[in-house]
Amino acid sequence: MSETPFGVDPPAQPELRKSLSVLDGVAVAASSTAATTSIGIGLGVTAGVVGLHLPAIMLLAFLPILGIAGSYSRLNRVEPNAGNGYVWVGRSLNPWLGFMVGWVNFVASVAFLAYTTAVTGSAMLQLAGDAGLHRIGSLALDPDSTAQTTAVGIVVLVAVTLTAVTGVRTAARLQTWLLVFEYAVLLGFCGYGIVAGPHPFRLSWFNPFEIPSATGLAQGLLLSVFCYWGFDAAFTVNEEVRDPRDASKAGTITLVTMLGLFLLGSIAFQRVLSEGELAGHGAQGLAYFGDRLASQPLAALPLVALMFSAVASLQAGVIPTARGMFAMSRDRTLGPVWSKVSPRYGTPAVGTLLIGALATTVAVLALVIPRLSDMINATVNAVGIVVALSYALTALAAAVRFRSLLREDWRQGVRAVVLPTLSALTLLGLGGYLGWSFYSSADHFEVSADNGWFLLLMPLAMIASGFVVAAWARWVRRSPYFRTGVGTDADSQQLLTTAN
């Protein structure tokens, strides 16, 4: 019997089924990014911070995200792993920071699923209202009620979670058809809005220096980072694609597509809606946009697209989160339940179901915030900060890992080291500045979307909980990951036997 931290030979590492193409990866990443949801809801939230400068903030946020995407692609070429950032940061920087990347991605994704659950329910209730259904018995249907929207959304979450269990390929096919419809509607309405909108086009929309304040700029950039978040879902299924390079292609294609859609949507919204209308409609912004451009039933199409986008992003959110937890469990930093692979479907089925259950629980707990628009605002701000932290650490891991290129080929070194470092420092600076702004903006705590201490507590709680779980994994589970920083590869069983 070989020597291991547990005194027994490790079991054979479970493997995910390789069945995905580049198109499947794009479908998963694009659905996770959820352009229609980001345009329909995220633009309104961001406009409340930066005013009529949405094109500027989307372009500005794309620059550091482009550096992050390059880091993901280079790291993926040398070490494809379902744990991606968790594995890369653990190897190149520090295992504790690596675990933190995996953990904050997990908790941020669960928060995102809970928020998207309510958005899905809201879209369905709005559609019911457009169809003439405003009451069920004595209950008046309210698309801005978190209780009602969450109840409806949970039904959808359960359904898409069960679909995700059957395999990424099945989910990707569904998401591809949903994306085709979404983008057709989005391109049609936004294109028409640019041509027919009553408000004049202004070059000042592209000038970030006209954003009212530095705090508004920082918050707007992190909100925009949240909108781009999801392109990296392509790298969580890199063990299920036929060629790991396909994951890099899928992530890059998705990111560039998102930039085009966000610019199109932001210009169209500002041509059609005033600043007050943009910021004042919350989860119903896309429906209001459709009503301004067409009459029923055509005006309902953007709302249908929003519903499809929310459903697809629920499913796409479950899939990469389960893969990240699978990789962490494979390293014994989390319990074995997360790495159980279904012999029938070749997926981490139990972990997928657990993600759905946790998201449902968080969605119910979020009912302490009674208005959907307030819940969206609080969630987006918190997730934006932790996503910026995760992206920044991954970019720094790439800079450290490829630092020798600065001596060997300065052009490659600039792309592989300098640009990721600048992107990381930008995101860390924005997150730190925004956190300080939240802290200094209030003198007491209350559960409210406009209370700075509450907005700061959410990302801090996400990060602090990670250190607690990491300590358990290090000293109770005795995971070798914390001694080596190396993640278990799907094709290798050497880590657990050589970690002493």
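Per residue, the average separation of C-alpha pairs within less than 8 Å and at least 6 apart gives segment 79-165 a relative contact order of 24 percent.
By the compact-protein rule of thumb, 2.2 N^0.38 Å, the alpha-carbon radius of gyration of segment 31-94 corresponds to a ratio of 1.48. Shown here are the Rg and Dmax of the Cα trace of segment 253-300, at 12.1, 34 Å. In plain terms, if you count all Cα to Cα distances in segment 208-312 and split them into 5 Å steps from zero, the share in each step is 2, 10, 13, 19, 19, 13, 11, 7, 4, 1 percent. Projecting the Cα atoms of PHE62, ALA310, ASN381 onto the charge dipole of segment 22-477 (Cβ charges, centred on the Cα centre) puts PHE62 farthest toward the positive pole.
Helix 349-365 axis versus longest C-alpha principal axis of the chain: approximately 40°, rounded to the nearest ten. Enter the angle in degrees (range 0 to 90, nearest 10) between the Cα long axis of helix 214-228 and the first principal axis of the Cα atoms of the chain, meaning the one along which they spread out most. Result, in degrees: 70. Helices in the chain, meaning DSSP H runs of at least 4 residues, each add -39500 (n - 2.57). Divided by all residues, the mean residue ellipticity at 222 nm is -22500 deg cm²/dmol.
Rank by packing, highest mean first: peptides 126-137, 294-305, 142-153, 434-445, with packing defined as the count of other Cβ atoms within 10 Å averaged across residues. Write down the numbers at each step before the final one.
Working: 126-137: 12.7, 294-305: 17.9, 142-153: 21.2, 434-445: 15.1.
Most protected by this proxy first, the peptides run 142-153, 294-305, 434-445, 126-137.
Could you pull out which residues in segment 74-101 have an amide N less than 18 Å from a spot 7 Å beyond the Cα of ASP409, following the Cα-Cβ vector? Inside the label zone: 74-79.
Projecting each Cα onto the charge dipole of the chain (Lys/Arg +1, Asp/Glu -1 at the beta carbon, about the Cα centre), which of TRP103, PHE467, VAL400 comes out farthest on the positive side? Sorting the options by dipole projection puts first VAL400. With Cα atoms as the point set, the radius of gyration and Dmax of segment 292-449 evaluate to 21.2, 63 Å. Each peptide in 463-469, 275-281 was scored by the mean count of other Cβ atoms within 10 Å over its residues; highest first, the order is 275-281, 463-469.
Below 14 angstrom from the Cβ of PHE438, what's the summed charge of the other residues (Lys, Arg +1; Asp, Glu -1)? For residues surrounding PHE438, the net value is -3. The charge dipole of the chain, taken about its Cα centre with unit charges on the Cβ atoms of Lys, Arg (+1), Asp and Glu (-1) only, comes to about 1140 debye. For the chain, the longest principal axis of the Cα atoms and the long axis of helix 452-475 meet at an angle of about 20 degrees.
Of THR36, THR360, the order by accessible heavy-atom surface (1.4 Å probe, DNA, RNA and ligands excluded), from most exposed downward, is THR360, THR36. The calculated pair-distance distribution of segment 74-230 uses every alpha carbon pair, bins of 5 angstrom beginning at 0, and gives 2, 7, 8, 11, 15, 16, 15, 13, 8, 4, 2, 0, 0 percent. Per residue, the average separation of C-alpha pairs within less than 8 Å and at least 6 apart gives segment 55-121 a relative contact order of 17 percent.
Calculation over all alpha carbon pairs of the chain in 10 angstrom steps from 0 returns a P(r) of 4, 20, 31, 27, 13, 4, 1, 0 percent.
Sorting the segments 38-47, 382-391 by their mean number of nearby beta carbons within 10 angstrom, highest to lowest, gives 38-47, 382-391. Normalised by the number of residues in segment 22-477, what is the relative contact order in percent for Cα pairs under 8 Å and 6+ residues apart? So the answer I get is 31 percent.
The values are calculated or read from the model by the stated rules, or taken from the named source; none is laboratory data. None of these values were measured; they are calculated from a predicted model. All Cβ positions, even for glycine, are placed from backbone atoms using ideal geometry, and neighbour counts span all protein chains on display. Protein only, heavy atoms only, side chains kept; ligands, DNA and RNA dropped before computing areas. Shrake-Rupley method; radii C 1.70, N 1.55, O 1.52, S 1.80 Å.
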